[in-house]
Amino acid sequence: MTTTAITGIGDLVTNHPGLGDGPLGRIRDAALVIEGDRIAWVGPSARVPATDTRHDAQGRAVIPGFVDSHSHLLFAGDRTEEFNARMEGRAYSAGGIRTTVAATRAATDAELEANLTRYLAEALRQGTTTFETKSGYGLTTADEERALRIASAHTDEVTYLGAHIVSPDHADDPAAYVDLVTGEMLDACAPHARWIDVFCEKGAFDGDQARAILTAGKAKGLVPRIHANQLSYGPGVQLAVELDAASADHCTHLTDADVDALAHSDTVATLLPGAEFSTRAEWPDARRLLDAGATVALSTDCNPGSSFTSSVPFCIALAVRDMGMTPDEALWSATAGGAKALRRTDVGHLAPGARADLALLDAPSHVHLAYRPGVPLVREVWRAGARAA
């Protein structure tokens, strides 16, 4: 296999404390070697081994590629009017999803795939090399199945979210919709997905319904994750821990018992500051979770209704400014934290053996991601050992 050395790295974040300084395992004046699609070596530039080719980072910082563990990219249309009204004072609620459901059902497969690849390319240019995405805007068996089938051609991290809201077709009989989501729809969707998710919230699904849906998914081999405690206090976080969900996502309204449960479990608290930014809602308290010992991930929640951003750097800046995170913690959560939320060990870090996913920044350190919000600092992106953007 061809080997490539990236030399002249001003500040390399490995996310492996044994390889460098501090929790991020930082190495100054560093180099790394890629062999095939993997990291083969990291260390000081002065000791880089011979390779087939070399690439000079010219003093730039290098970080692991971002791992965006929560997005909703299978949709059509947008909700500009809703956003505009919200900025004029209307509150956000779960019901707005119905607008996107109508547009998505009307779209062709080609239109949905074109939208997906457009947003994936947009995210890649900003340093995202691993992403999860969900269904949830079709809410019929055929529409949910086709969304997952399209998504599975572009990522392994595909989530069945038939339980986004109760389908408008079953507005008068939510129990019948739960039966559909746990029966015929699940049977059609499970072959295309790795994960199952549910929006456990007022206006969507209550705790008992969410437990039934996630339990049915587990029986089909899907691993649970859950939209939990976004708009109000509720049972979502406790249910996530009970069912060993990979992540409880949003985590905005938490009791002390919720924080303690997350801190003493393998369930990652995935925070999605783009949603709070776009809905003018209360910010999640990342500091509270981190101080308790919970594992925290940061993701975009890219979706047309409540967080229409594909930019992890933007979310890092929000987390540092408004959620009590340090720049080091925010970067770790957007890389290694996202990997933990997807139960992946091959991404989110740059230790030997990891997939060679990395971003070169037009900055001397990763701190500039928060220090210079809104500035396009990602200069190059490498994915699976090849220059991708």
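The values are calculated or read from the model by the stated rules, or taken from the named source; none is laboratory data. Owing to the predicted nature of the structure, the values given are computational and were not obtained by experimental measurement. As a convention, Cβ positions derive from the backbone with ideal geometry for all residues, glycine included, and neighbour counts pool all protein chains shown. With ligands, DNA and RNA removed, areas are computed over all heavy atoms of the protein, side chains included. Shrake-Rupley method; radii C 1.70, N 1.55, O 1.52, S 1.80 Å.
A few points about this structure:
- Flag for Ile63 being in contact (Cβ under 8 Å) with a residue 24 or more places away in the chain, over 25 Å from His192 (Cβ atoms) and not aromatic (Phe, Trp, Tyr): yes
- Under the condition of being under 22 Å from the mean Cα position of the chain (by Cα) and either open to solvent by less than 60 Å² (accessible area, probe 1.4 Å) or over 25 Å from Cys200 (Cα atoms) (or both), the residues counted in region 77-112 number 10.
- Count of region 2-11 residues which are part of a strand (DSSP E or B) and either over 14 Å from Ala57 (Cα atoms) or at pLDDT below 95 (or both): 1
- Against the conditions (1) crowded, with 21+ Cβ neighbours inside 10 Å; (2) over 22 Å from Leu298 (Cβ atoms); (3) under 19 Å from the mean Cα position of the chain (by Cα), Asn115 satisfies every one except (1).
- Contacts under 9 angstrom Cβ, first residue in region 314-332 being more than 17 Å from His349 (Cβ to Cβ), partner basic (Lys, Arg), 6 or more apart: Ala317/Arg372; Met323/Arg287; Gly324/Arg287; Gly324/Arg288; Met325/Arg287
- Residue count for region 12-39, restricted to those that are in a strand (DSSP E or B) and either farther than 16 Å from Gly65 by Cβ or open to solvent by 40 Å² or more (accessible area, probe 1.4 Å) (or both): 10
- Exclusive hit being in contact with a Ser or Thr (Cβ under 7 Å, 6 or more places away or on another chain), of a type in the set (S, T, N, Q) and modelled with pLDDT of 95 or more, set Thr335, Thr326, Thr295, Thr270: Thr270
- Output for region 240-285, where each listed residue is in a helix (DSSP H, G or I) and of a type in the set (Ser, Thr, Tyr): Ser278, Thr279
- Scanning region 329-370 for residues that are assigned to a loop (DSSP other than H, G, I, E, B), farther than 30 Å from Pro224 by Cβ, touching a Gly at 6+ places or on another chain (Cβ under 8 Å) and open to solvent by less than 10 Å² (accessible area, probe 1.4 Å) gives a single hit, Ala356.
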